[in-house]
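Structure, as structure tokens:
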Amino acid sequence: MRIFKDREEAGKLLGEFLKSFNFDKENSIILAIPRGGIPVAYQVSKALNIPFSLVIVKKLAPLSEPEAAFGAIAPDGTIYIDEHLMRYMGVSEEELEIVKEKALSEIKRRIKDFLKNKEPDVNGKDVIIVDDGIATGYTAMVAAMYVKKKGANNVYLAVPVCPADSISKVKKVFDDVFCLHPVETPFFAVGSYYQDFHQLTDEEMYKFEF
């Protein structure tokens with residue numbers, strides 16, 4: 001099943017794939033979703049000769065199950081929640097507020113550490129949001145909502161791999177979606193398509209210049 005050696009290879013292949021699309025290079029910026037999107041976006045940036053930075057958003061998950069996302073949140077509090085799933089997980093409104101505050105605190109820390117408190121200017125620009133893949137699509141969707149609020153022009157999503165049935169869902173907030181390897185499967189995990197899918201450390205992230 002694995003089709004990418006690592007995120008770097010996935011980014012190179014995605015970059016080559018995206019060359020055939022006519023992006024406005026003079027007025028575009030690539031924004032990676034940390035952490036996994038950073039090595040992918042770096043290679044896409046090199047291939048397309050478009051600068052890249054970060055859009056720092058965070059998934060929302062029950063306190064007892066930090067990997068089981070039911071939504072995502074952006075730095076200004078812009079939020080996307082699957083309320084049906086949230087209720088199914090047993091998350092109360094009180095727990096939701098705690099989860100949101102924790103997520104916003106971590107977002108604030110990452111903006112300070114990785115962007116030196118200076119988020120990229122997207123006003124009037126075309127934005128290509130890049131991640132290492134999408135499963136639920138929550139973080140990508142809230143990232144798109146956030147940059148549109150900040151005045152972005154067209155907002156695109158570019159990923160190496162995704163479930164085919166997620167494309168129509170995320171297209172509700174993106175102007176277009178570019179997925180190198182759409183997969184038809186009811187059971188999808190991004191990491192299944194990478195030989196090396198380790199969690200990037202802060203030290204690894206610091207190697208990239210945003």
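Specify which of the listed residues (Ala47, Ala41, Ala10) is of a type outside the set (D, E, K, R), in a helix (DSSP H, G or I) and surrounded by fewer than 24 Cβ atoms within 10 Å (Cβ to Cβ). Working first, answer last.
On the way: Ala41 fails: surrounded by fewer than 24 Cβ atoms within 10 Å (Cβ to Cβ); Ala10 fails: surrounded by fewer than 24 Cβ atoms within 10 Å (Cβ to Cβ).
Sole residue among the options that is of a type outside the set (D, E, K, R), in a helix (DSSP H, G or I) and surrounded by fewer than 24 Cβ atoms within 10 Å (Cβ to Cβ): Ala47.
Hey, can you tell me all the residues within the range 198-208 that are assigned to a loop (DSSP other than H, G, I, E, B), surrounded by 11 or more Cβ atoms within 10 Å (Cβ to Cβ) and touching a residue at least 24 places away in the same chain (Cβ under 8 Å)?
Matches in the range 198-208: Leu200, Phe208.
Quick one: how many residues across the range 26-73 are under 14 Å from the mean Cα position of the chain (by Cα), modelled with pLDDT under 95 and hydroxyl-bearing (Ser, Thr, Tyr)?
0
From the list Phe17, Phe23, which residue is part of a loop (DSSP other than H, G, I, E, B), surrounded by 14 or more Cβ atoms within 10 Å (Cβ to Cβ) and not acidic (Asp, Glu)? Walk me through how you get there before you give the answer.
On the way: Phe17 fails: part of a loop (DSSP other than H, G, I, E, B).
Criteria check complete, one pass: Phe23.
Determine whether Phe187 is more than 15 Å from the chain's Cα centre (by Cα) and free of Cβ contacts under 8 Å to residues at least 12 places away in the same chain. Show your work before the answer.
Working: more than 15 Å from the chain's Cα centre (by Cα): yes; free of Cβ contacts under 8 Å to residues at least 12 places away in the same chain: yes.
Yes; evaluated as a whole, the condition is true for this residue.
Going by the structure shown, is Gly124 part of a loop (DSSP other than H, G, I, E, B), touching a residue at least 60 places away in the same chain (Cβ under 8 Å) and within 21 Å of Pro75 (Cβ to Cβ)?
Numbers: part of a loop (DSSP other than H, G, I, E, B): yes; touching a residue at least 60 places away in the same chain (Cβ under 8 Å): yes; within 21 Å of Pro75 (Cβ to Cβ): yes.
The answer is yes for Gly124.
Among what's in the range 56-101 and is assigned to a strand (DSSP E or B) and among the charged types (D, E, K, R), pick the residue that is surrounded by the fewest Cβ atoms within 10 Å (Cβ to Cβ). Full working, then the answer.
Quick first cut of the range 56-101, residues assigned to a strand (DSSP E or B) only: 58-60, 71-73, 79-81.
Filter once more, keeping what is among the charged types (D, E, K, R): 58-59.
Details: Lys58: 25, Lys59: 19.
Of everything passing the filter in the range 56-101, Lys59 is surrounded by the fewest Cβ atoms within 10 Å (Cβ to Cβ).
Could you tell me whether Lys169 is over 22 Å from Asn49 (Cα atoms), in contact (Cβ under 8 Å) with a residue 40 or more places away in the chain and either of a type in the set (Ser, Thr, Tyr) or surrounded by fewer than 21 Cβ atoms within 10 Å (Cβ to Cβ) (or both)?
Spelling it out, it is not the case that Lys169 is over 22 Å from Asn49 (Cα atoms), in contact (Cβ under 8 Å) with a residue 40 or more places away in the chain and either of a type in the set (Ser, Thr, Tyr) or surrounded by fewer than 21 Cβ atoms within 10 Å (Cβ to Cβ) (or both).
Could you list, in sequence order, the residues of the range 79-94 that are among the β-branched types (Val, Ile, Thr) and over 21 Å from the mean Cα position of the chain (by Cα)?
The initial filter retains those residues of the range 79-94 that are among the β-branched types (Val, Ile, Thr), namely 79, 81, 91.
Residue satisfying the conditions is Val91 alone.
The values are calculated or read from the model by the stated rules, or taken from the named source; none is laboratory data. What you see is a predicted model, and the numbers here were worked out from it, not measured in a lab. Don't worry about glycine lacking a Cβ; one is built from the backbone with ideal geometry, like all the others, and counts go over all protein chains shown.
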